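Values in this text are rule-based calculations from the coordinates and carry no lab data. None of the values given here were measured: they were computed from a predicted structure. Neighbour counts are summed over all protein chains in view; Cβ atoms, including those assigned to glycine, are modelled from backbone coordinates with ideal geometry.
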Amino acid sequence: MQSNALLLAVFGAIVLLTAWLPMFLRKLPLSLPMVCIGIGVLLVWSPFSPLVGVNPLENRILTERLTELVIIVALMGAGLKLDRPVSWRGWESSWRLLGIAMPLTIAGIAFLGWSILGLGLAAALLLGAALAPTDPVLASDIQVGPPQSGKEDDVRFALTSEAGLNDGAAFPFVYLAIAIALSSGEPFFSRWLAVDVLWKIAAGVGIGWLGGKVMGYLTFHLPKRSGLSETRDGFVALGITCLAYGSTEMLHGYGFLAVFVAAVALRSVERQHRYHENLHDFAEQIERLLMMVLLVCFGAAIAEGSIFGALSWQVIVTTALVLFVVRPLAAWVGLIGFQTSSREKAVIAFFGIRGLGSFYYLAFALGQAEFEGATILWVTVCFAVLSSIVMHGVMVTPVMQQLDRGRPRSWLRMPRTRPR
């Protein structure tokens with residue numbers, strides 16, 4: 001009874017910190033994820049240790065489900081933030097990062113996994129697919145502002161749209177790793193290309209776009225002021241998120257991709273309605289709360305010593321090369337010819353934050369097939385995520401402030417709202 005009460009009190013404190021900490025950390029070289037991990041460490045080291053034994057990495061299914069939930073909520077929030085209409089030229093940085101930088105990153109990380117960590121082809125490819133996507137959950141400090149806030153410069157837009165799209169685009173490579181691990185000499189490439197690439201991407205984009213348009217009509221254009229926007233309820237965002245994700249997954253499409261596309265399509269129906277702010281704010285609050293709980297548990301698992309018991313110099317070197325060489329170089333190559341300054345390209349290339357999506361992909365794949373070196377995979381992913389949280393968390397505030405000071409004031413557009 002006492003332990004349950006203590007755990008409830010700890011959860012209550014985490015909820016309160018979810019609201020308070022972002023204001024306190026706004027101008028400090030610290031990020032909310034860093035503080036969450038620190039809280040988890042301190043809780044384990046405290047006399048009460050209410051989170052001892054709550055190690056998400058020892059329960060693959062729990063890790064998969066919780067990270068899945070926080071990611072889809074974050075993808076909805078990311079899509080709702082974007083004021084820029086979808087176009088080939090307007091989203092040029094997104095297509096470049098998705099079509100060039102991400103495959104190069106996966107190939108580079110897979111090579112490191114094979115050459116330094118000694119992983120086989122399937123495990124090395126899985127490591128690349130898990131660590132290549134940037135994270136929509138932990139990257140809030142480098143993303144665009146809320147809907148119609150005007151904070152949508154090229155750097156923030158590129159990193160936000162990349163994080164929204166590449167969580168779904170990495171899935172074909174995860175499935176390819178699973179297919180290689182399960183193959184027993186039988187051909188699998190044609191089926192992988194037809195189903196896991198063409199069909200699932202098409203289903204994710206198509207269902208997401210259609211669903212977003214339909215929800216946009218139900219929200220903004222029903223007659224006699226009967227649209228969902230009249231409720232002013234932010235939790236509608238959670239309903240749209242789960243509906244888009246669940247329906248797409250039932251039809252064997254990529255639900256992550258569908259959620260982000262649905263949010264973008266919803267914005268396109270009535271781009272400047274104030275109700276988007278309600279939807280975004282609710283999604284952001286739920287995302288932040290779930291993220292804090294997961295990272296507190298991650299910090300507790302780190303403090304227990306159960307994660308990094310197999311940490312080696314090979315893992316450390318691989319992580320350093322991923323964060324300082326592979327991602328920046330791949331993104332820089334992808335942005336060759338993109339019309340922006342070299343300084344902004346450098347910021348986009350460097351801030352490829354790794355996070356909860358990497359945990360999800362790894363937990364999902366390990367539930368589908370047996371991979372050699374599963375422990376090495378977990379340790380590498382966990383160390384890469386922790387290193388990214390600390391390094392990017394320390395640098396993001398001063399770097400973005402310096403970048404903003406070097407811009408003309410005109411980059412910050414006044415928000416456009418409809419008189420509703």
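Observations on the structure shown:
- Calculated from backbone phi, Karplus (6.51, -1.76, 1.60) coupling profile of segment 353-364 in Hz, x at Gly/Pro: 6, 9, x, 5, x, 5, 4, 5, 4, 5, 5, 4
- Whether segment 253-311 is rounded, prolate or oblate, judged on the alpha carbon gyration tensor where a/c under 1.5 counts as rounded: oblate
- Between ARG191 and LEU16, the C-beta separation translates, for a Förster distance of 56 Å, into a calculated FRET efficiency of about 0.65.
- Listed residue (TRP88, GLY12, HIS273) projecting farthest to the positive dipole end of the chain, Cβ model: HIS273
- Residue by residue, segment 234-251 carries 3J(HN,Hα) couplings of x, 5, 4, 4, 5, x, 5, 4, 5, 5, 5, 5, x, 5, 5, 5, 5, 9 Hz when phi is fed to the Karplus relation 6.51 cos²θ - 1.76 cosθ + 1.60 (θ = phi - 60°); x denotes Gly or Pro.
- Distant alpha-carbon pairs in segment 305-405 (separation over 15 angstrom), percent: 68
- Backbone amide hydrogens, once placed in the peptide plane, bring LEU119 within less than 5 Å of TRP114, excluding anything fewer than 5 places away on its chain.
- GNM on the chain, alpha-carbon springs under 10 angstrom: the most fluctuating residue among SER87, SER247, SER31 is SER87.
- Residue by residue, segment 277-291 carries 3J(HN,Hα) couplings of 5, 4, 4, 5, 4, 5, 4, 5, 5, 5, 4, 5, 5, 5, 4 Hz when phi is fed to the Karplus relation 6.51 cos²θ - 1.76 cosθ + 1.60 (θ = phi - 60°); x denotes Gly or Pro.
- The fraction of Cα-Cα pairs per 5 angstrom bin, counted from 0 for segment 144-251, comes to 2, 10, 13, 15, 16, 15, 11, 7, 5, 3, 1, 0, 0 percent, rounded to whole percents.
- Per the Debye calculation on the chain with a single equal scatterer at every Cα and no solvent contribution, log₁₀ I(q)/I(0) for q = 0.06, 0.11, 0.12, 0.13 Å⁻¹ amounts to -0.23, -0.82, -0.98, -1.16.
- Low-density loop positions, trypsin sites (Lys or Arg not before Pro), segment 74-118 - DSSP coil, at most 13 other Cβ in 10 Å: ARG89
- Around LEU119: net Lys/Arg minus Asp/Glu count, Cβ-Cβ under 15 Å: -2
- Coarse-grained scattering of segment 236-366 at q = 0.12 Å⁻¹, given as base-10 log I(q)/I(0) from a Debye sum over alpha-carbon atoms: -0.79
- Placing a label point 7 Å from the Cα of ARG225 along the Cα-to-Cβ direction, the residues of segment 254-283 with a backbone N closer than 18 Å are 273-276.
- Per the Debye formula on identical point scatterers at the alpha carbon atoms of segment 82-175, with no solvent, log10 I(q)/I(0) at q = 0.10, 0.13, 0.20, 0.22 Å⁻¹ is -0.31, -0.49, -0.91, -1.02.
- Amide H contacts under 5 Å for TRP91, placed H, 5+ residues apart: none
- With the helix formula -39500 (n - 2.57) applied to DSSP H stretches of n ≥ 4, the chain reaches a computed 222 nm mean residue ellipticity of -21000 deg cm²/dmol.
- The dipole here belongs to segment 64-181: it is taken about the Cα centre, uses +1 on the Cβ of Lys and Arg and -1 on the Cβ of Asp and Glu, and is about 120 debye.
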